[in-house]
Amino acid sequence: LKGGAISNGENPFQDIAEVWDSENEEIIPAPPFVKAYAGAEQLSSPGSIHSLLIDEDGQAWVTGSNSKGQLCVGDFDDRLIPQKIPIDGRVVSAAIG
């Protein structure tokens, strides 16, 4: 596939059980997620993967590589469990790369 990317995989754990509550600085039970998006660096950092999840209340949560600030949480630290992006309003869709 010239100029494109193909992705394939599975989630043997089926669910994300916990998320990071940055307001209270603690791990809490994850909300139900209704949409998921995945992104990957192809050129500058091959193998760097990040994901965005949208919960049933329209909140956006991110996890994965953050070497360039792509998670939009105000730093460059990778996230091993999802953290909510501070956005005013309801998220209905997303596009990440």
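Points to keep in mind about this one:
- Of all residues in the range 56-70, those being outside any loop (DSSP other than H, G, I, E, B) and open to solvent by less than 10 Å² (accessible area, probe 1.4 Å) number 2.
- So ALA36, is it under 11 Å from the mean Cα position of the chain (by Cα), of a type in the set (A, V, I, L, M), modelled with pLDDT under 90 and open to solvent by less than 90 Å² (accessible area, probe 1.4 Å): yes
- Number of positions in the range 71-97 that are without any contact (Cβ under 8 Å) to a residue 40 or more places away in the chain and surrounded by 19 or more Cβ atoms within 10 Å (Cβ to Cβ): 1
- Qualifying residue in the range 55-66 (condition: more than 11 Å from the chain's Cα centre (by Cα) and modelled with pLDDT under 90): no
- Cβ pairs under 8 Å, 6+ apart, first in the range 14-39 and within 12 Å of ILE54 (Cα to Cα) and among the basic types (Lys, Arg), second at pLDDT 85 or above and assigned to a loop (DSSP other than H, G, I, E, B): LYS35/SER93; LYS35/ALA94
The values are calculated or read from the model by the stated rules, or taken from the named source; none is laboratory data. Keep in mind the model is a prediction, meaning the values are calculated, not measured. Glycine gets a Cβ as well: all are built from the backbone with ideal geometry, and neighbour counts include every protein chain shown. Keep in mind that these areas ignore ligands, DNA and RNA; they rest on the heavy atoms of the full protein, side chains included. Shrake-Rupley method; radii C 1.70, N 1.55, O 1.52, S 1.80 Å.
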